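Structure record follows, encoded as structure tokens.
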Amino acid sequence: MAVDLLNARILKLSTSLRALPAVLRLATITGAGVASVAVPNAHAQSPEVREYQIKAAFIYNFIKFVDWPRDALPEGSETINICVLRDDPFADALESIKGKTVKSRRVAVRRIEPGRDLETCQVVFIGSSEGKRLPRVIESLQGLNVLTVGEMDRFVELGGIINFFVQNNRVRFEINVNSAERAGLKLSSQLLSLAKVVRQ
Amino acid sequence: MVTSSVTLLLAGAAYVTYDLITFRQAMSRDLMILADIIGNNSTAALAFDDQQAGAATLASLRAQEHIASACLYGKEGRLFAAYAPGEPSPRPLPPRDGCRRSDRGHLAVSRPIVFDGEPIGTIYISSDLDEFYGRLRRYASIGVLVILASSLVGWVLSVQLQRVISRPILHLVQAAKTVSERTDYSVRAVKQSEDEVGLLVDGFNEMLAQIEKRDAALTRMSNNLNQLYRLSTAMQEPLSLRDQLTRVLEAARQVVAVDRFYIWAVLPGETRLAALAGAGFSEEEWKDFDRVEIPLVEAGAMGKAYGEGAPLVFTEATPLPSELRLRPPYSEIRAIRTKSFIVLPMIARGRRVGLFTADNKWSRQPILPQTVDLLQIFASHAAVAVENARLFREIEEKGHQLEVASKHKSQFLANMSHELRTPLNAILGYTELILDNIYGEVSAKIRDVLERVQKSGRHLLGLINDVLDLSKIEAGQLTVSLNDYSFKEVVYAVVTAVEPLVAEKKLRLSVSLAPDLPVGRGDERRITQVLLNLVGNAIKFTDAGEITVRVTSANGAFLVSVADTGPGISEADQQKIFEEFHQVDSSATRTKGGTGLGLAIAKRIIEMHGGRIKVESAPGRGSTFSVTLPTRVTVSETS
């Protein structure tokens, strides 16, 4: 998909540019550093706090690279809701993105209980505390256009869409593109190029 | 050749410049698009702060051989990733110096990267200009090749064109040069082609032809004028009328292309024509023709032309109508018979004096209308000659008549004077005898009457003598008899004669004679008469004062002056006093007496001696008469 998109754009350009490599970018799992945009004064905090600040910034950025179907994000809606399921590991980290504008909408953060109000969420963060209940949670989200973000082993294998993991002391993420398709979401090839892609 | 090369070069340079500018703009645009693509592909890497991913994106520029360097900058201008060709792999870390913003000899663009309405970084790409310079070099070599090739083609073409254009033009120039050097307008250029140059040659030849034609016309006209000029000069020579007319006709023959010319004069009485002169005749013809006389009424066309005073032209096409033919027997004169001829009346000072005729008896060609004007000129020349001859004859005749009449008059006067003198001498003689008491004592009363008779008789005798002298002079009968004389004697004779008169009027007479007066030769009696007349006049018109007679000699002449203190003579009258029967004031004739002939006679006598007489005077200043008389007259001058 990434290749097609690139080629489609390049073909419109002059011949001198035609020689751009077909594969601009191999999907490799690469480290992602601190998103300085979202995380001011990051160096002053503890590693724990800093990790969640980075994750919060990543979630904010994910929204930019994900397209929701029109029903899930109707015209005229004012907010994009980031819902945190049950236990909130972010503490105040999500406050830094709360109220910011993305896709012309304000970012709102809500805490929810399983099985309730899920249809108003565009992004649902599922913390590690929900590990055992994950299959159920995933099931409850079936049919909804919700970007699920988690931070536990086998999250994407069990049907989650984006999962954070830490490698070489850097926050990275893996993406299950099939899950995303099932949720009716379109992910930017650029996002995929930064992620470890899983198909299941 | 040089011009076209320069033009080609300029046009080429302009095109190349335009192309290079366009090319550079296209390069710049392409580079900008490339930067935008790379920038777009780098948004995720920038957003997730993945430098390795950014470097990998930049590394895709490896396929672009002209990219010199590329850099991705983060939101705060922090160097995020960099690319430089030749590096083995994309580097996540920035190179030492990053991207220089002002690479010389490079084309660089810098574009902001905007994602979701938010600027998230900047991309900078710099391209070398190898392609640009390569194009420039290519153009330069192509340009040199094109100029070389076009020069070669141009040279070949010009060699060919020279054959087509230059050669005929050079030929034309040569012809023009020949014409101007030799002033020979019969030269013609040879036409070699039917193009513009051919037309030029045609035009040149046409021009020459016209000049030649005009030249010939001018020569002919100048020749005609020359003939006419010589003719009018000849007319002033003292030639007989026949000779003059022959000259006119010969001149006409040289100017006008007509076979024969002849002139008829109308004889006094205007009833007959006489053949006066001709040209172009054979001797035989002329014998037939010379001095033929034809009555005007029988002369046909000639009679008509003379009668109407207008020219008539006949040709074979417009033949002579039968009523205008010559009547027999004149029609039998073969020399006259012709079919193509012109008759011009000759008119001088408004008088018709004859006919000027020209014919083409031999060539039978019609007389050309344009020659009529010329013929008219010759006709009027001939007319003037005829008329002049007539006038001259007339004047000669009148002069002769006048001369005879004048002679008769003078003879009559001379006879008359002589006849008058004879009885008068008898009267005077007897009166003197009576006064001398020959016939007895005469009473004082009768003596007084007789003295008056004597005085009047002497006056009358003087008058008769003067008239006789004058008539002798007029008749050419007055002669001078040349003898040696002494002017001193002349002066004393005069003084003796006038002394009683001077004494009577109580005037003073002084005489001044140069001591060395030469012996003169002339008519002493006449010279005495002149001096007596001058002194007598002086006494007669002077009431008080003196009369001075002065005689000197110089340059072979006596210089005589008689000065008085009389009333003087006005300037206008000084001209008239030497004319016959003239006195200054006609009233003076009555008081002073005299005939008024004295000075006229004196003047004639002095002139007969080859001398001069003049007067200097002004009213109230007296008069001085001066005579210059040759000392020795050799031949008497008859007046």
Next item on the list: Sort out for me the helices (runs of 4 or more DSSP H) sitting completely within region B:1-84 that have 2 or more residues that are within 14 Å of another protein chain (Cβ to nearest Cβ) and among the β-branched types (Val, Ile, Thr).
Entry: B:2-41
Notebook entry, point to check: If you check residue B:403 against the conditions, is it without any contact (Cβ under 8 Å) to a residue 12 or more places away in the chain and surrounded by 10 or more Cβ atoms within 10 Å (Cβ to Cβ)?
Noted result: yes
Margin query: Going residue by residue through region B:367-380, is there one that turns out to be assigned to a loop (DSSP other than H, G, I, E, B) and under 16 Å from residue B:259 (Cα atoms)?
Written below: yes
Next item on the list: Give just the number: which of (1) open to solvent by less than 60 Å² (accessible area, probe 1.4 Å); (2) under 25 Å from residue B:240 (Cβ atoms) does residue B:429 not satisfy?
Entry: (2)
Next item on the list: Of the numbered conditions (1) at pLDDT below 85; (2) in a helix (DSSP H, G or I); (3) within 30 Å of residue B:551 (Cβ to Cβ), residue B:406 fails exactly one; give the number of that condition.
Entry: (3)
Check: Residues in region B:454-481 that are open to solvent by less than 60 Å² (accessible area, probe 1.4 Å), of a type in the set (A, V, I, L, M) and in a helix (DSSP H, G or I): how many?
Finding: 7
Next item on the list: Residues being open to solvent by less than 30 Å² (accessible area, probe 1.4 Å) and either of a type in the set (Phe, Trp, Tyr) or out of contact with any strand residue (DSSP E or B) (no Cβ under 8 Å at 6 or more places or on another chain) (or both): count how many of those fall in region A:49-78.
Entry: 10
Next item on the list: Out of A:164, A:155, report the one residue that is assigned to a loop (DSSP other than H, G, I, E, B) and either within 14 Å of chain B (Cβ to nearest Cβ) or of a type in the set (Phe, Trp, Tyr) (or both).
Entry: A:155
Check: If you check residue B:174 against the conditions, is it open to solvent by 90 Å² or more (accessible area, probe 1.4 Å) and over 35 Å from the mean Cα position of the chain (by Cα)?
Finding: yes
Item checked: Candidates A:181, A:130, A:95, A:119 - the one that is in a helix (DSSP H, G or I), open to solvent by less than 40 Å² (accessible area, probe 1.4 Å) and of a type in the set (Asp, Glu) -> A:130
Checklist line | residue B:411 within 43 Å of the chain's Cα centre (by Cα), surrounded by fewer than 16 Cβ atoms within 10 Å (Cβ to Cβ) and in a helix (DSSP H, G or I) | finding: no
Notebook entry, point to check: Quick one: in region B:235-270, which of the residues that are open to solvent by less than 80 Å² (accessible area, probe 1.4 Å) and polar (S, T, N, Q) is farthest from residue B:387 (Cα to Cα)?
Noted result: B:246
Note to self: For region B:285-302, give me each residue that is under 17 Å from residue B:359 (Cα atoms) and assigned to a helix (DSSP H, G or I).
What the structure shows: B:285, B:286, B:288, B:289, B:301, B:302
Item checked: Options B:546, B:637; residue that is at pLDDT below 90 and surrounded by fewer than 17 Cβ atoms within 10 Å (Cβ to Cβ) -> B:637
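The values are calculated or read from the model by the stated rules, or taken from the named source; none is laboratory data. All of these numbers come straight from a predicted model, not from anything done at the bench. When we count neighbours, we look across all protein chains shown, and the Cβ atoms used for this are built from the backbone with ideal geometry, even at glycine. Ligands, DNA and RNA are excluded from the accessible area calculation, which covers all protein heavy atoms including side chains. Shrake-Rupley method; radii C 1.70, N 1.55, O 1.52, S 1.80 Å.
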